[in-house]
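What follows is one structure encoded as structure tokens, with my remarks underneath.
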Amino acid sequence: MSREEIISEIERLRSEINRHNYLYYVLDSPEISDGEYDSLMQRLLKLEAEHPELVTPDSPTQRVGAAPLESFSTVKHPVPMLSLSNAFDESDVEGWYNRIVKLAASNEFDFVCELKMDGIAVALTYENGKLVTGATRGDGLYGENITHNLRTIRSIPLTLPPGAPSYFEVRGEVYIAKKGFEALNNYRSSKGLPLFANPRNAAAGSLRQLDPRLAAARPLDIYIYMLGYTLDDALPTSHWERLQYLKDLGFKINPNNRRVSSIDEVKDYHSYWVKERQNLPYEVDGAVVKINQIKVQQKLGSIGREPRWAVAWKFPAIQATTRLKEIKVSVGRTGTLNPYALLEQVKIGGVTVKQATLHNEEDINRKDIREGDTVIVQRAGDVIPQVVGPVLSKRPADAKVFSLEQKLFNAQKQAPVCPECGSYIVKPKGEVMYYCPDATCPAQARQRIEHFASRDAMDIQGIGEQLSVSLFGKGLVKDFADLYYLTEADLFKLENTKDKKAKNILDSIEASKQKPLERLIFALGIKHVGIETATLLAGHFKTLDRLMSATSEELTAINEIGPKIADSILAFYKNESNRHIIQKLYHAGVVPSQPVEKGQETKPLSGLEFVITGKLNNFSRDEAEKRIKEMGGSTKSDITRKTSYLVTGAEPGSKLEKARRLGIRQIDEQGLLELLGRH
């Protein structure tokens, strides 16, 4: 064959294979057998092997052809990937509808209803008809570049037909179907590998693999749910028509989407799928309702990071009944003693559940949950199993009332002790939780290592629960500061840790030294200090040394830092073991500080604290609080002398009278809008 004939044959084979991929993976309507498909692919592979200079990234042979990455790069979304506000019942949806009608000054629009897939949102960017970038949602503004993994999903077109916009982005949800998830876990079980908790976790883990061959081995699929960005102004002017347009370009669109004309039809759609969701081949946790007309969407805009023109109407949690065999107690990373239920195995929404959370002893007694009871279990948010309560009509005569102190009572010590380290447990005055006070408790140490390395903390890739347990168990890491003293020789002592994996872990540990101060403060695992409080502390004190020397008065002078958080911070830094660990971090080169930005403008509401009471008309309370925080203010649920403004909506509660007694300034919703700069 001449070179021209070879090029022509390669192009023909690629076109034919892409067409059959579309028929099989998108339309579920194959025209040829698997054997015939394999023959086409083998022919193309042979020609490309003989002429490697003709291989292109968009060839169907390259879906698993990329080399493993060292790490993920960052992608900036051309238009932010917003999160949806949630509705949980009809009144929430009606409230959303009334607000948008008022804001749009019209009800001349219809809706598109879509199933809310329990997967991972991604953005796909195409240039000149070819897939060039695939990214996660990330923080909405920046995501991780996972193009190498998304290319392995055969329902994602690598090339588009003529007529596609020259540059545009689509957004979709990557998921794993129920059967695929079951098969994946069966395989992992046969290999002695840890099982995935649910399809969403499996999909997320698959997309964050550095080696695309691992992602390609997982049964990933996708539904495209919107056009995100384009330079083409001549596209359809409604969301529904845009979905049909994307379908014509070869994208996989969920066939259960519906265009409806009224809020009553929205309710009918939701009601139907509440009953039928179990019959779907994939997991869903609600219905997404969107205004169809793009112009109305643009007019309504967004509040914070939530579009006003869409809402996620969640489905009720899936429940089942089973027997509670025993209430056991685990130790959390901050020393909390956490009761949990050991259950007779039961399937809830396609997921096998053996354990469920019970929160605390007070909650157990309030619900009158006993060992031996038949209990109602639900997956809260379709993810975390929890015990709702007992079925009293099925209570056996020997059902046992739970007492945490009795459960942990040690006859030799004549007192209840920690199940992990044997230390005497304590219950601080005014708190519902019992604690193990020993900072050297192995259970706490293991979990603090995992927390320190977690994504929202120091983001040390490769160190999760399993590796944390292994490192601690072999004595290689006694506390999280020891991570910075690990060597390749140390990591080689662990199972399945080879040169490449060890290098990646050590590189990630080294890179974590450059994380900002708020990440380190959060990573330390101080009780009551989450990432938002850590960010607040970093911005105020600028260095860890300055925070460590802060007084109670200095801490409580900061809005949102009360005596409880201040006492926890002071107790943490007074502990000699914690100070020793921090010194080890310093010696390893972990000394982050909060940069002071020159010319940084103070936000309009900086230093002001707001409390909201009553019903607002223009936005929900959550939306109002988000907007206040974006403008530099803070929000609280209770009136104190630190409160700057009480925002009063319709039917204000007792907070109004308290504000009057304390002389707190009151403003109505219009006054808040003026402070926010929205007249």
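Since every read-out is calculated from the coordinates, none of them should be taken as a lab result. Bear in mind the structure is a predicted one, so any value in this text is a computation, not a measurement. Glycine gets a Cβ as well: all are built from the backbone with ideal geometry, and neighbour counts include every protein chain shown.
How about segment 352-460: which trypsin sites (Lys or Arg not before Pro) there lie in a loop by DSSP and see at most 11 other Cβ atoms within 10 Å?
Values: sites: K354, R366, K367, R370, R379, K394, K400, K407, K413, K429, R446, R448, R455; in loops: K413, K429, R455.
Loop-located and lightly packed - K413, K429, R455.
Scan segment 180-233 for trypsin sites (Lys or Arg not before Pro) in coil per DSSP, keeping those whose Cβ has at most 13 other Cβ atoms within 10 Å, and list them by number.
Numbers: sites: R188, K191, R200, R208, R213; in loops: K191, R208.
Hits after loop and neighbour filter: K191.
On the first, second and third principal axes, largest extent first, how far apart are the outermost C-alpha atoms of segment 517-587 in Å?
33, 20, 18
Given Cα positions, please report Rg to Rh for segment 182-256, the hydrodynamic radius being the Kirkwood one.
Details: Rg = 17.4 Å, Rh = 15.2 Å.
Rg divided by Rh gives 1.15.
Working from the pairwise distances between different alpha carbons, so that the mean of 1/r is found and then inverted, what is segment 3-55's Kirkwood radius in Å? All intermediate terms of the calculation are to be shown ahead of the outcome.
Details: mean 1/r = 0.0859 Å⁻¹.
The Cα-based Kirkwood calculation yields 11.6 Å.
Tell me what the chain gives for mean residue ellipticity at 222 nm when only DSSP H runs of n ≥ 4 count, each as -39,500 (n - 2.57), the sum divided by the residue total, rounded to 500 deg cm²/dmol. Each step should come with its number before you reach the end.
Working: 25 runs with 239 residues, N = 679.
-10000 deg cm²/dmol, from helical runs alone.
Any idea what log10 I(q)/I(0) is at q = 0.07, 0.16 Å⁻¹ for segment 86-314, Debye with uniform C-alpha scatterers and no solvent?
Once normalised to I(0) and log-transformed, intensities are -0.24, -1.21.
Would you kindly derive the ³J(HN,Hα) couplings of segment 94-110 from the backbone phi angles with the Karplus curve 6.51 cos²θ - 1.76 cosθ + 1.60 (θ = phi - 60°), listing them in order in whole Hz, with x for Gly and Pro?
Values per residue, Gly and Pro as x: 5, x, 4, 4, 4, 5, 6, 4, 5, 5, 7, 6, 5, 10, 8, 8, 10 Hz.
Would you mind checking which residues have amide H under 5 Å from I348's amide H? H placed 1.01 Å from N; only 5 or more apart, or other chain.
Distant-sequence amide H within range of I348: V353.
For segment 114-190, what is the largest minus smallest coordinate of the Cα atoms on each principal axis, given in angstrom and ordered from greatest to least?
Principal extents (Cα only, largest first): 46, 29, 27 Å.
Mind checking the log10 I(q)/I(0) for the chain at q = 0.06, 0.08, 0.11 Å⁻¹? Debye, one equal scatterer per Cα, no solvent, two decimals.
-0.43, -0.78, -1.50
May I ask which of K130/K252; K290/K347; K615/K636; K116/K247; K427/K564 have a Cα-Cα span longer than 26 Å here?
Numbers: K130/K252 16 Å; K290/K347 32 Å; K615/K636 16 Å; K116/K247 19 Å; K427/K564 15 Å.
Correct reply: K290/K347.
Counting other Cβ atoms within 10 Å of each Cβ, which GluC sites (Glu not before Pro) in segment 336-379 have at most 12 and sit in a DSSP loop?
On the way: sites: E344, E361, E362, E371; in loops: none.
Hits after loop and neighbour filter: nothing returned.
Could you list which residues have their amide H under 5 Å from that of S423, counting only those 5 or more apart in sequence or on another chain, with H placed in the peptide plane?
C418
Specify whether the C-alpha gyration tensor of segment 442-514 places it in the rounded, prolate or oblate class, a ≥ b ≥ c being the square roots of the eigenvalues: rounded for a/c under 1.5, otherwise prolate if a/b is larger than b/c and oblate if not.
Working: a/c = 1.62, a/b = 1.08, b/c = 1.50.
It comes out oblate by the Cα gyration axes.
For segment 609-675, what does the equivalent ellipsoid look like in terms of its semi-axes, each the square root of 5 times an eigenvalue of the Cα gyration tensor, given largest first in whole Å?
On the way: eigenvalues 59, 37, 19 Å².
In descending order the semi-axes read 17, 14, 10 Å.
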